[in-house]
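Okay, so here's the structure we're looking at.
The values are calculated or read from the model by the stated rules, or taken from the named source; none is laboratory data. All of these numbers come straight from a predicted model, not from anything done at the bench. Glycine also receives a Cβ, built like all others from the backbone with ideal geometry; neighbour counts cover every protein chain displayed. Heavy atoms of the whole protein, side chains included, go into the accessibility calculation; ligands, DNA and RNA do not. Shrake-Rupley method; radii C 1.70, N 1.55, O 1.52, S 1.80 Å.
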Amino acid sequence: MQPNQKNGLFSWLKTWLTTVDHKKIAVLYLFGGGLFFLIGGIEAMLIRLQLTAPENHFLTGSAYNQVLTMHGTTMIFFVAMPMIFAFMNAVVPLQIGARDVAFPFVNALGFWLFFLGGIILNLSWFLGGAPEAGWTAYAPLSTEYLGRGMDFYVLGLQVAGAGTLMGGINFLVTIINMRAPGMTFMRMPLFTWTAFVTSALILFAFPALTVGLFEIFFDRLFGGNFFNATNGGNSIIFEHIFWIFGHPEVYILILPSFGILSEVISTFSKKRLFGYHSMVFATILIGFLAFMVWVHHMFTVGLGPIANTIFALATMAIAVPTGIKIFNWIFTMWGGQIRFTTANLYAVSFIPTFVMGGVTGVMLAIPAADFQFQDSYFVVAHFHYVIVGGVILGLFAGLYYWWPKMFGRCLNETLGKINFWFFFIGFHVTFFPQHFLGLMGMPRRYFTYLPGEHLTTLNVVSSIGAIGMAIGVITLVVNIVYTFVKGEKAEGDAWGTGRTLEWSIPSPAPEYNFAQTPLVKGIDTYWKEKMDGNKKVTAAEPLGDVHMPSPSIMPFLMSISLTIVSFGFIFSDKGVHRTVSFAVAGIGIAMMLGCMLVRSIKDDSGFHIHKEEIIETEKGMSK
């Protein structure tokens, strides 16, 4: 390698390690989430391979439990969450007319904590074994009976969860404080509204998870006895703590997909979203009710008929605002000039798929029925219809829709449609039979079944569907590589029917987002300006210098320090190793405090992009 090549590689690496630009952080989240998506997908294929035949010995016992636990944990915490933050970073500041997020430094720190938390968790495969208590990690199984893998689980999720909480707070402040002039709350695009409510849910839900994981940590490391019934603890308390987080988490995942659908369907129907105000209030109501339904995960625990009835009614009530959204999307398409791009195919397919997941959810909301369905493959089918058929289909719609805005090139539509049909059909072939497997008595989390139980045929069908989904994902990867090599360059308004502010600026967006802060005149303000014959959105200020935050390596170093702390505690076995491990943890804590001190005393006022440079950049982008 030549010296200039070395410098080029070093400069490239430095750019990504030190960036605080929300658009670059969006790309980092997309890369991190995509990487873990491939890992979680491989784990899913291993599960389906084991269950293809009765009494199969490919993956049994502890190995199966590890793969099952890592698949669920990875997909929930390290795939869906970062993909959501990728789109929030890429789109929300642009949709509200802001030049950046409220706290760029914290935004970068949030990403590196998420990513290194995922690395901590996945290194467990090579350092003594992965966690094997299921993605819910119920006590006392997770505290009393399992090995070091659970320490990787607890500390990996603690580090990543801290990053997620930072991201939620950051976007709450950004949306409240940094909206462009005229961008009232009731003029915000639906995706921004769902990001706002999602951030509020993160703020109130993730601390519960943090507390639960700390208590598991203290039980395992110091004999805290929070969940040890023989010493006065209560393991049911952990279920309450987990699901007080866990059910709002479902809506943390699905609400941004609702927002994506609202943008995509409106754009490709060439119509304003039907019932905007009702959609906003439905989003808020879903967020409010999300904290009132957690016990429907615990109907069989023994809380009694009164508690079960109350939470059953609350669960059914939350279906009402969700139904409002379904009808509004259908009415938006009604009479519209619909274009079935890949993004819109994913969006439209979301509606019947998610409705199926919602219907089985209402079935599970009936306590008497839940006693029969619980811990069966019926629950597995329901959960995946909501999370994959809902969240992932929505995220794929957003990926195809905003890819040109993020990278300046459009994903290939032919490859996109191949990707869609393989993934969509494969999904239904995989998970629809699992409803019947559950009704036939197949339990979840079991690594095998007997030949005489008549479960083989549907398990084979399910595994064939998983192959179809895998082909769809491989096609998406090919599409991404092809687009970077030969992709068609995108205009600012990449689809020609963009309605919101992100489509009013070049693709990809310049570092400063908007040369002049826009003046918002109504809902779908860019569409309104186009209908008035304007090529640009009216500016709210004269052209001038733009202040930007400086890059910083501190977020990365802070995350590394917490990773060191985590490994110190993970390997704190009894005896001489315990002292060494605590010393390593102490070094990590000292490193963290040192980074905080440097951050506190260093006066970094950022830098300015001068007006002349902005004019030249805008001219170059307009060519």
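Couple of notes before you dig in:
- Any pair with Cβ under 8 angstrom, 6 or more apart, that starts in the stretch 47-68 at a residue that is at positive phi and ends at one that is assigned to a loop (DSSP other than H, G, I, E, B): GLU55/THR448; GLU55/TYR449; GLU55/LEU450; GLY61/PHE447
- Residues located in the stretch 471-494, provided they are hydrophobic (A, V, I, L, M, F, W, C) and open to solvent by 30 Å² or more (accessible area, probe 1.4 Å): ILE471, ILE474, VAL477, VAL478, ILE480, VAL481, PHE484, VAL485
Each row is one residue, and each column tells you yes or no for (1) at pLDDT below 95; (2) part of a helix (DSSP H, G or I); (3) crowded, with 24+ Cβ neighbours inside 10 Å; (4) among the acidic types (Asp, Glu).
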residue: LEU165; (1), (2), (3), (4): no, yes, no, no
residue: ILE169; (1), (2), (3), (4): no, yes, no, no
residue: VAL173; (1), (2), (3), (4): no, yes, no, no
residue: ILE176; (1), (2), (3), (4): no, yes, no, no
residue: ALA180; (1), (2), (3), (4): no, no, no, no
residue: MET186; (1), (2), (3), (4): no, yes, no, no
residue: ALA195; (1), (2), (3), (4): no, yes, yes, no
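- Residues that are open to solvent by 20 Å² or more (accessible area, probe 1.4 Å) and either of a type in the set (A, V, I, L, M) or assigned to a helix (DSSP H, G or I) (or both), drawn from the stretch 327-341: PHE327, ILE330, PHE331, MET333, ILE338
- Of residues in the stretch 544-560 being touching a residue at least 40 places away in the same chain (Cβ under 8 Å) and in a helix (DSSP H, G or I), the one farthest from ALA102 (Cα to Cα): ILE560
- The set of residues in the stretch 265-306 being part of a helix (DSSP H, G or I), without any contact (Cβ under 8 Å) to a residue 60 or more places away in the chain and open to solvent by 30 Å² or more (accessible area, probe 1.4 Å) consists of SER278, PHE281, LEU285, PHE288, MET292, TRP294, HIS297, ILE306.
- Restricting the stretch 583-607 to residues that are more than 33 Å from the chain's Cα centre (by Cα) and open to solvent by 60 Å² or more (accessible area, probe 1.4 Å), the residue that is modelled with the highest pLDDT is ILE601.
- Selection of the stretch 31-47 for residues being open to solvent by 20 Å² or more (accessible area, probe 1.4 Å) and within 14 Å of the chain's Cα centre (by Cα) yields PHE31, GLY34, LEU35, PHE37.
- Here is the figure for the stretch 529-543: residues that are under 15 Å from PRO181 (Cβ atoms) and out of contact with any helix residue (DSSP H, G or I) (no Cβ under 8 Å at 6 or more places or on another chain) total 4.
Here is a yes/no grid of residues against (1) assigned to a helix (DSSP H, G or I); (2) touching a Ser or Thr at 6+ places or on another chain (Cβ under 8 Å):
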| residue | (1), (2) |
| --- | --- |
| PHE31 | yes, no |
| LEU35 | yes, no |
| GLY41 | yes, no |
| ALA44 | yes, no |
| PRO54 | no, yes |
| PHE58 | no, no |
| HIS71 | yes, no |
| MET75 | yes, no |
| PHE87 | yes, no |
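- Number of the condition not met by THR563 [criteria: (1) touching a Ser or Thr at 6+ places or on another chain (Cβ under 9 Å); (2) surrounded by 14 or more Cβ atoms within 10 Å (Cβ to Cβ); (3) closer than 24 Å to PHE103 by Cβ]: (1)
- Positions within the stretch 342-393 being closer than 24 Å to ASN308 by Cα, of a type in the set (Gly, Ala, Ser) and not in a loop (DSSP other than H, G, I, E, B), in sequence order: GLY357, GLY358, GLY361, ALA368, ALA369, SER376, ALA381
- Enumeration of residues in the stretch 213-228 that are crowded, with 20+ Cβ neighbours inside 10 Å and farther than 17 Å from ILE570 by Cα: PHE226, PHE227
- Pair list, Cβ < 6 Å and 6+ apart or interchain, from the stretch 205-227 residues that are part of a loop (DSSP other than H, G, I, E, B) to residues that are open to solvent by 40 Å² or more (accessible area, probe 1.4 Å): GLY224/PHE218; ASN225/ASN231; PHE227/PRO140
- Criterion applied to GLU541, GLU511 was being touching a residue at least 60 places away in the same chain (Cβ under 8 Å) and either assigned to a helix (DSSP H, G or I) or open to solvent by 40 Å² or more (accessible area, probe 1.4 Å) (or both), and the one residue passing it is GLU511.
- None of VAL580, VAL565, VAL520, VAL584 is hydrophobic (A, V, I, L, M, F, W, C) and part of a loop (DSSP other than H, G, I, E, B) except VAL520.
- Checked against the criteria, GLY118 does not count as buried (at least 24 other Cβ atoms within 10 Å of the Cβ), in contact with a strand residue (DSSP E or B) (Cβ under 7 Å, 6 or more places away or on another chain) and not aromatic (Phe, Trp, Tyr).
- Evaluation of VAL92 against (1) closer than 30 Å to ASN177 by Cα; (2) of a type in the set (A, V, I, L, M); (3) open to solvent by 20 Å² or more (accessible area, probe 1.4 Å); (4) in a helix (DSSP H, G or I) (one fails), failing number: (3)
- Beta carbons closer than 8 Å, at least 6 apart along the sequence or on distinct chains, pair a first residue in the stretch 365-378 that is in contact (Cβ under 8 Å) with a residue 24 or more places away in the chain and closer than 12 Å to MET298 by Cα with a second that is open to solvent by 70 Å² or more (accessible area, probe 1.4 Å) and among the polar types (S, T, N, Q) for PRO367/THR309.
- Total residues in the stretch 229-249, condition open to solvent by 10 Å² or more (accessible area, probe 1.4 Å) and either of a type outside the set (A, V, I, L, M, F, W, C) or touching a helix residue (DSSP H, G or I) at 6+ places or on another chain (Cβ under 7 Å) (or both): 13
- Each residue in the stretch 432-470 was checked for being in contact (Cβ under 8 Å) with a residue 24 or more places away in the chain, open to solvent by 20 Å² or more (accessible area, probe 1.4 Å) and in a helix (DSSP H, G or I), and 12 pass.
- Candidate set: the stretch 591-606, residues that are among the small types (Gly, Ala, Ser) and not in a loop (DSSP other than H, G, I, E, B); chosen: the one nearest to LEU562 (Cα to Cα): GLY594
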